[in-house]
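What follows is a short report on a single structure.
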């Protein structure tokens, strides 16, 4: 898979999605998107050189997983995604799955986190045949610790429901908060060595760049 594959796929998915919307919905989505990009969302997100906040969350398959325990075994690739309903997230998760062997060859563990309830996430994990850890972050508490919180504008909430996206049902709360998608490469000492955070939720870190960052850890 070449380095432009994921970005090419997400750009195409965005074009397909927007072009299929009625004009009034296109205007609503465009206005909300522009508002997001001009906001200070994720302005204080954790970044390269920061200590990665510790956490322990439920693994959607079973049990719990703490980042401290994961780091005791090797580096961690920590990925925050919005949910199984997000087409850009699904493209990213599939791309990460394809790169999982290369990530593991670097001695690293891949952990994905979303605010969805475990039962919703487990169904999704099985559907996509994801072989890495997927954790449930109720109330986006861990996402907040990493400075990644955004709130879906009220103007979009009725559209989400029309599109079959019921965030309160999926996440178990009515905050309409989501994590800004982000990827962190964290070394064994818990220091973030590479970070990709973008308010534009259609943009994601290329999996090849993740592997390159892991190799740079030495």
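Quick note: the coordinates plus some simple rules give every number you see, no bench work behind them. These figures come from a predicted structure and were not determined experimentally. Glycine gets a Cβ as well: all are built from the backbone with ideal geometry, and neighbour counts include every protein chain shown.
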Exercise for the section: Give the Debye-formula value of log10 I(q)/I(0) at each listed q (0.10, 0.13, 0.15 Å⁻¹), with one equal scatterer per alpha carbon of region 67-214, two decimals each. Expected result: -0.33, -0.55, -0.73
Handout entry: Computed [θ] at 222 nm, deg cm²/dmol, the chain (DSSP H ≥ 4; -39,500 (n - 2.57); rounded to nearest 500)
Key = -12500 deg cm²/dmol
Completion exercise
For the chain, the longest principal axis of the Cα atoms and the Cα long axis of helix 207-216 enclose an angle in degrees, to the nearest 10, of 30 degrees
Problem - Whole-angstrom gap from region 120-155 to region 39-112, using each part's C-alpha centre - result: 10 Å
Exercise for the section: When you have a sec, figure out the Kirkwood radius of region 93-137 from all distinct Cα pair distances and drop it here in Å to one decimal? Expected result: 10.9 Å
Completion exercise
For the chain, the longest principal axis of the Cα atoms and the Cα long axis of helix 23-37 enclose an angle in degrees, to the nearest 10, of 40 degrees
Practice task
State the three equivalent ellipsoid semi-axes of region 1-82, derived from the C-alpha gyration tensor as the square roots of 5 times its eigenvalues, in descending order and whole Å.
Solution key: 34, 18, 15
Problem - Exposure proxy order (Cβ contacts within 10 Å, fewest to most) of 141, 61 - result: 141, 61
Practice task
Take the alpha carbon gyration tensor of region 44-119, find the square roots of its eigenvalues, order them as a ≥ b ≥ c, and report rounded if a/c is under 1.5; if not, report prolate when a/b exceeds b/c, else oblate.
Solution key: rounded
Fill in the blank from the handout: Evaluated at 4 °C and 1.567 mPa s, the Stokes-Einstein D of region 1-155 based on the Kirkwood radius over Cα pairs, in µm²/s, stands at 75 µm²/s
Fill in the blank from the handout: Scoring region 102-218 by relative contact order with C-alpha pairs under 8 Å, at least six apart, yields a percentage of 24 percent
